[in-house]
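Chemist: I have a structure I would like to understand better, so I am pasting it below and will then ask my questions one at a time.
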């Protein structure tokens, strides 16, 4: 099978449905790696993290929280504005190429919580759309399984897994930051696995991370 690494695009061929003659095979352009903005949405505290996939292990450019819990609880419009402005500031400063967001999860016994969380999520999606950022959403269980190997991992497990995968000196704090780093890593590994034809829903641990990470100084290609 021909590879785009070994042959120029005009030499790529594929077999016809009848199997009797070669047919032109359109070469697929390889997009450059892009920075990933991971987001753990919350109305009170939102965690964010920017990963730069420029080496064998993604580098943390920035990570922190956007807080509104010091504002009056009934002042919902102002709190949403603080979240919106805060995220735009991060986007404009670090110029990510894609935003990975943890999907909204709320128990059916607490519908009001889901509605309030939706306000925060909506303003983040609007900010991304206005800056032309594609958005990828991942269920919390998918993020946990990708990073820790268990879809039911606790907060501390996620913190230690993120610390290990990114080579950090200590677990990231607070949990909101760790969750944002985790969802960014989930997108990084998911797109890397898809580029290699592996199961994008599989578990990524230190055991099989080397197969997904580049062997040199280049990073896996991002599929935005």
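Laboratory data are not the source of any read-out in this text; all were calculated from the coordinates shown. For clarity, every value in this text was computed on a predicted model and none was experimentally measured. Please note: Cβ atoms are built from the backbone with ideal geometry, for glycine as well, and neighbour counts cover all protein chains shown.
Chemist: Can you say what percent of the DSSP beta bridges in the range 49-157, counting only those with both residues inside, are antiparallel? Round to 5.
Modeler: About 50 percent, rounded to the nearest 5.
Chemist: Another question about this same structure. Give me the percent relative contact order of the range 36-212, please, defined on Cα pairs under 8 angstrom at least 6 residues apart.
Modeler: It rounds to 27 percent for the range 36-212.
Chemist: Run the quick spin-label model on residue 75 and residue 155: label points 7 Å from Cα toward the beta carbon, then report their separation in nm to one decimal.
Modeler: 2.6 nm
Chemist: Considering Cα pairs under 8 angstrom that are at least six residues apart, work out the relative contact order of the range 40-117 and quote it in whole percent.
Modeler: This gives 29 percent for the range 40-117.
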